[in-house]
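Read-outs: derived from the displayed coordinates by stated rules, not from any lab. If you're wondering where the values come from, they're calculated on a predicted model, not measured in any experiment. Cβ placement follows ideal geometry from the backbone for every residue including glycine, while neighbour counts extend to all protein chains displayed.
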Amino acid sequence: MRSSNPVFSRRGFSRDNGIAGFNAQQQAGSPVAGNPYAQGAANPYATNPYAPADTQLGAAQAPAHRVMTIDDVVARTAMTLGTVVVTAMLAWFLLPVDKDNLGQSYGIAIGAALVAMVLALVQSFKSKPVPALILTYAAFEGVFLGVLSNTVSTHIAPGAVTQAVLGTMAVFAGVLIAYKMRWIRVNRRFAGFVSAAAIGFVLLMAVNLLVAVIGGGDGLGLRSGGLGILFGVLGVVLGACFLALDFKQVEDGLTYGAPREESWLAAFGLTLTLVWIYLEMLRLVSILQGDD
């Protein structure tokens with residue numbers, strides 16, 4: 001299963017122990033057989049570039065490695081998100097957004113956002129997760145979010161940041177519960193639909209931005225008013241779908257014995273998705289407050 005999250009879209013979690021982990025889980029009565037991608041006991045990660053050339057290695061021949069656990073995923077995700085939160089708080093207090101300093105703070109925030117985007121792209125195209133790169137991305141992302149959040153809270157919608165954070169947490173908890181209860185069925189059709197919707201959404205936002213830059217104003221009106229609310233809701237829903245795909249990717253990594261280092265990839269992908277949801281929540285709350 002490949003997630004539509006840009007971090008997870010290029011490959012699945014790696015597994016250096018060939019087919020051994022999968023065989024052991026089958027013998028133990030693992031629910032892998034119910035996975036729509038496990039047809040005929042096929043491993044969806046068998047074509048992974050990390051997998052050994054001979055995917056039919058037995059347990060005795062397979063090279064040993066420390067497999068990823070859910071504790072690893074939680075710990076790495078906490079470190080990555082913690083870095084975002086800490087740097088966001090520092091930016092909030094150290095980069096004021098009053099009229100005298102607004103231009104300078106904006107410049108730093110835009111620069112940090114561009115650096116974060118480049119680092120995210122670099123990590124996405126690397127064959128292995130690089131913890132230092134991921135944490136550096138999180139730090140720059142936090143600077144951008146800190147200045148943006150302070151600006152919204154000070155000049156646009158007081159209290160919007162708290163509501164956006166609570167909303168992001170609620171979406172995360174809701175999707176996690178729905179996924180664990182199997183209310184969300186993550187399959188190829190679901191992934192294809194989410195990918196197509198995400199491409200369309202991003203293209204529309206890009207066109208809106210281009211029209212706004214050329215013609216001024218709010219472009220096509222997708223960031224304010226009724227259309228802004230509609231697209232804000234769609235953005236949050238897409239983020240929720242990304243979360244479901246990310247949970248599926250993590251579950252598959254645990255099921256098929258991904259190496260421990262891949263927990264950093266899970267943390268990176270989840271951080272990207274949560275940042276997406278927070279930004280859409282912040283925009284949505286700002287529009288709703290502005291319409292009051």
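Before moving on, here are some points about what is shown:
- Near-label residues of the stretch 81-118 by backbone N, under 16 Å of a point 7 Å along Cα→Cβ of Leu176: 81-82
- Anisotropy class of the stretch 116-187 from Cα gyration tensor, a/c 1.5 cut: oblate
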